Amino acid sequence: MSDTKAAEKTDAKPASKRSKSATSSIVELVVIVAVALGLALGVQAVLVKPYRIPSGSMEPTLIEGQHVLVNRIGMDFSEPHVGGIYVFHPPAVAEQMECGPTPHTVTPGATACSAPVPQKSSENFVKRLVAGPGDEIYIAGGHVFRKAAGTSRFVAEKDTYIKACGSSAECNFPTPIKIPPGHWFMMGDNRGDSDDSRYWGPVPTGWIIGQAIITYWPPDRIGIF
């Protein structure tokens, strides 16, 4: 009988160790998952964040439903640059396409909006930055002609990326406007079908979230900007 009890006691120890080992593995897995999630959330909050393109206003460069990664930290070290694609907060009146602190509607074919709107929307827009502080621009046939700050002549935008626009009123704003200090003029590549700074004005630097750097979905459109 003593031999039997001894055997039972001997067998009980490995079972206890196995139980502790399994518990330890579960705890370790939970910690790893928690750390991974924390890092992922931290990266999104500080470094890069994915965004889905909500409309066709950036065609043909970006189509509706396409996904991009946006560099958020770059805005902390440098200013935006003309030609880049940026995610930003538009003015609160963007959907109503109202211009200026004293709201008024811009007539297509007349003068684009140059007066900033003070209230920010919580929505995110994706557009191409076509002009910065002190630049003067006008738009003809969907093409931006820019006189960069400190220069003396208008130069046509190198815009092989835009969708053909034509002679419709939405594609022509012939009167030059000047972008105010600390503000940026945003336009969709689909120049004939984009609600952008032409109608609700330039946006301040602080409203820009970051530059789109990579597109990763759908697979056939994977690329770097």
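The values are calculated or read from the model by the stated rules, or taken from the named source; none is laboratory data. Keep in mind that what you see is a predicted model, and the values were worked out from it rather than measured. Cβ coordinates were reconstructed from backbone atoms using ideal geometry, including for glycine residues, and neighbour counts include every protein chain displayed. Each accessible area value is taken on the protein alone, full model and side chains, heavy atoms only, with ligands, DNA and RNA left out. Shrake-Rupley method; radii C 1.70, N 1.55, O 1.52, S 1.80 Å.
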Per-residue ³J(HN,Hα) for the stretch 188-198, Karplus 6.51 cos²θ - 1.76 cosθ + 1.60, θ = phi - 60°, Hz, x for Gly and Pro
x, 5, 7, 4, x, 8, 9, 8, 8, 4, 4
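I'd like the GluC sites (Glu not before Pro) in the stretch 105-197 restricted to DSSP loop residues with at most 13 other Cβ atoms within 10 Å, sorted by number. Please report the intermediate quantities before stating the final value.
Working: sites: E123, E136, E157, E170; in loops: E123, E157.
Loop-located and lightly packed - E123.
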What are the trypsin sites (Lys or Arg not before Pro) within the stretch 98-177 that DSSP puts in a loop, where the Cβ has at most 14 other Cβ atoms within 10 Å?
R153, K158
Row for the stretch 115-212, column shape: gyration tensor on C-alpha, a ≥ b ≥ c, rounded if a/c < 1.5 i.e. under 1.5, prolate if a/b over b/c, else oblate; value oblate
Quick one: how many Å² of D220 are accessible to a 1.4 Å probe, rounded to 10?
130 Å²
What list of ³J(HN,Hα) couplings, whole Hz, do you get for the stretch 134-142 from phi and the Karplus terms 6.51, -1.76, 1.60, once you set θ to phi - 60° and write x for glycine and proline?
x, 6, 10, 9, 9, 10, 9, x, x
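At a Förster radius of 22 Å, what calculated FRET efficiency corresponds to the Cβ-Cβ distance of R221 and T160, to the nearest 0.05?
0.80
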Would you tell me the accessible area of S152, worked out with a 1.4 angstrom probe on the heavy atoms of the protein chains, in Å² to the nearest 10?
110 Å²
If you keep only loop residues by DSSP, which chymotrypsin sites (Phe, Trp or Tyr not before Pro) in the stretch 55-148 have at most 12 other Cβ atoms within 10 Å of their Cβ?
F77
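Can you tell me the dipole magnitude for the stretch 96-225 around its Cα centre, using point charges on the Cβ only (Lys, Arg +1; Asp, Glu -1), in Debye to the nearest 20? Before the final figure, lay out each step's value.
Values: 12 positive and 12 negative charges, 69 e Å.
So the dipole magnitude of the stretch 96-225 works out to roughly 340 debye.
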Beyond 21 Å, how much of the Cα-Cα pair distribution for the stretch 87-163 remains, as a whole percent?
38 percent
